[in-house]
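Worksheet for the structure shown next.
The values are calculated or read from the model by the stated rules, or taken from the named source; none is laboratory data. Computed from a predicted model, the values in this text were never measured in an experiment. Because the Cβ atoms are built from the backbone with ideal geometry, glycine has one as well, and the counts that use them run over all protein chains shown.
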Amino acid sequence: MTESRLAREIARTLRHERELAGLTQAALAARCGLSQAGIARIERGDRLPGLTTAERLLTALGRQLRIEVEALDSHLDAALDEMAGTVLAERVEDLRLDRIIEALGGLPYVLTGGMAALLQGAPLPVDAVEIAVRRRDSPQFNTFLDRSHAQRWNARWQEWGGIHPGPEEPGEHRWRTRYGELRARMCEELPEPVEIRLGDRTYPVEPLVEVEVTDRRTAELLGRYRRRLTAAGAAPGGSAG
């Protein structure tokens with residue numbers, strides 16, 4: 001297997017998306033005009049595909065390629081160390097979680113992603129409130145977005161605004177509102193939450209075991225956090241264990 005971190009990332013992503021689509025390697029090969037053996041090599045991490053090949057594979061799965069950059073591993077470690085030294089209530093206040101929840105009114109929601117992990121004891125770097133919302137509640141969600149003067153993230157132009165803010169539109173479900181940044185996962189039914197109490201408020205939160213299935217980025221950070229605990233000789237117990 002190649003030692004390329006990027007090859008491992010592509011391998012994991014391609015396998016995950018193919019399995020979500022319910023396709024075998026042979027079926028995907030037939031869709032995109034590649035060989036089953038070639039796809040198997042990519043999914044094992046033995047081969048790093050070119051951009052054209054990666055786009056063909058993802059297009060066949062109804063997905064598109066997006067290029068992002070992130071902090072180096074050492075910077076991620078520093079961010080985890082910094083977060084571990086902060087008070088949870090202060091971080092929740094900085095993210096304006098309560099203001100956003102109050103502004104949502106009676107909209108049914110469950111906290112997800114990094115926000116859910118944070119409330120369950122994992123000191124992860126989180127820069128936005130993340131929620132799950134049912135698709136059938138989109139009209140009510142739209143009312144909140146209008147009332148909060150929300151600007152949706154335009155991934156094409158890498159800026160806020162310029163596109164319809166409604167959650168029924170395709171693209172990233174990410175908004176800048178008057179209360180703070182909000183990201184949403186639209187779903188048919190809300191995940192079954194656990195109740196997390198902080199101060200005088202109780203939050204409906206997606207369990208960590210589910211977060212690690214639905215949010216790949218948070219799952220990677222959780223894995224990194226636990227490995228660091230283990231390397232430091234601490235048992236990764238508590239809610240984040």
Going through (1) within 27 Å of residue 155 (Cα to Cα); (2) modelled with pLDDT of 85 or more; (3) of a type outside the set (A, V, I, L, M); (4) exposed (fewer than 14 other Cβ atoms within 10 Å of the Cβ) one by one, residue 22 fails only at (1)
Fill in: Filter result for residue 179 (touching a Lys or Arg at 6+ places or on another chain (Cβ under 6 Å), among the aromatic types (Phe, Trp, Tyr) and closer than 22 Å to residue 97 by Cα)
yes
Would the stretch 32-50 turn up any residue that is of a type in the set (A, V, I, L, M, F, W, C), under 22 Å from residue 216 (Cα atoms) and surrounded by fewer than 14 Cβ atoms within 10 Å (Cβ to Cβ)? no
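Would a scan of the stretch 185-192 turn up a residue that is at pLDDT below 90, under 19 Å from residue 122 (Cβ atoms) and in contact with a strand residue (DSSP E or B) (Cβ under 9 Å, 6 or more places away or on another chain)?
Step one: filter the stretch 185-192 for residues at pLDDT below 90, giving none.
There is no residue in the stretch 185-192 that is at pLDDT below 90, under 19 Å from residue 122 (Cβ atoms) and in contact with a strand residue (DSSP E or B) (Cβ under 9 Å, 6 or more places away or on another chain).
Out of 90, 55, 82, 43, which single residue is closer than 23 Å to residue 213 by Cα, modelled with pLDDT under 95 and among the acidic types (Asp, Glu)?
Selected residue: 43, the only one of 90, 55, 82, 43 that is closer than 23 Å to residue 213 by Cα, modelled with pLDDT under 95 and among the acidic types (Asp, Glu).
For (1) among the polar types (S, T, N, Q); (2) within 21 Å of the chain's Cα centre (by Cα); (3) not assigned by TED's automatic domain parsing to the domain that holds residue 96, each residue gets a yes or a no:
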| position | (1), (2), (3) |
| --- | --- |
| 155 | no, yes, no |
| 164 | no, no, no |
| 171 | no, yes, no |
| 177 | yes, yes, no |
| 184 | no, yes, no |
| 189 | no, yes, no |
| 192 | no, yes, no |
| 199 | no, no, no |
| 206 | no, yes, no |
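Residues in the stretch 122-134: is at least one free of Cβ contacts under 8 Å to residues at least 24 places away in the same chain and either of a type in the set (Lys, Arg) or under 21 Å from residue 98 (Cβ atoms) (or both)?
No, the stretch 122-134 contains no residue that is free of Cβ contacts under 8 Å to residues at least 24 places away in the same chain and either of a type in the set (Lys, Arg) or under 21 Å from residue 98 (Cβ atoms) (or both).
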If we keep only residues of the stretch 124-166 that are modelled with pLDDT of 90 or more and aliphatic (A, V, I, L, M), then the residue nearest to residue 185 (Cα to Cα) is 132
